[in-house]
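One structure below.
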Amino acid sequence: MGVVVCEPQPSFISGYTALHFSKALANTILLMIIEELFLLYRKRPLEVRFWRKVTKTKSCWLWNGGTSEGYGMFMVEKHHYQLAHHVSWDLAFGLRPEYCKQFDVMHICDDRRCIRPSHLVLGSRGANVCDVFLKGRKRQFRRSSPFA
Ligand SMILES: [Zn+2]
C-alpha cells in the first residue's frame, strides 16, 4: 500500500483562497448593485430628484442639497450644476427663453436657499443689485470710499 500524501491543493485563482475569492466576489456583486441603483437614481426624472431635496416650511421651501454662497445648487446632468431657484423657476413657469436669461431670478423672501416659485421674480441684474443694497445685505460703500 502506498502512502497518501496530503498536500495543500493550489487555489483555483493564484494568491486567493476560496474564502478570499468568495469575499471578493460578494464585494464585486455589492458594488455592481450599488452602481446599478445609483444609475437608476440618476435616471429618475429631473423633477423627482429635485423635489426630494426640498423641505417645505409654512413660508419658504428650503433647498437641502448642496449650496454655493448660500444658493442651492442642483445637478441637472452629469457635471452640470444650476442654481436650484433657477431650476425651480423653470419647472414652475417653463424654461426661460434666451432673452430672459439676462434677467436674474430674484428672491422676494431674501432666503437664498428658498426655491418656492411664488417667492421668485424675474428682475434685471441692476434691480437685483439695487435690491441687495436696499435691504442691507451688502455694505453700500467700501471703507475706502469717500462716501463711507
Ligand atoms: Zn422663500
I'm trying to understand the selection: among the residues of the range 97-133, which are exposed (fewer than 12 other Cβ atoms within 10 Å of the Cβ) and within 16 Å of the ligand (Cβ to nearest atom)? Ser118
Checking Met106 against (1) at pLDDT 85 or above; (2) under 24 Å from Asp131 (Cα atoms); (3) out of contact with any helix residue (DSSP H, G or I) (no Cβ under 6 Å at 6 or more places or on another chain), only one condition comes out false. Which one? (3)
Which one of these is surrounded by fewer than 16 Cβ atoms within 10 Å (Cβ to Cβ), at pLDDT 95 or above and within 24 Å of Asp131 (Cβ to Cβ): Thr67, Thr55? Thr67
Within the range 27-112, strands (runs of 3 or more DSSP E) holding 3 or more residues that are in contact with a Ser or Thr (Cβ under 7 Å, 6 or more places away or on another chain): none
Selected residue (only one of Val87, Val48, Val54, Val76 is away from the ligand (no atom under 16 Å from the Cβ), in contact (Cβ under 8 Å) with a residue 24 or more places away in the chain and among the hydrophobic types (A, V, I, L, M, F, W, C)): Val76
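The values are calculated or read from the model by the stated rules, or taken from the named source; none is laboratory data. This one's a predicted model, so the numbers in the text were calculated from it and none came from an experiment. Here Cβ is always computed from backbone atoms with ideal geometry, including for glycine, and neighbour counts include all displayed protein chains.
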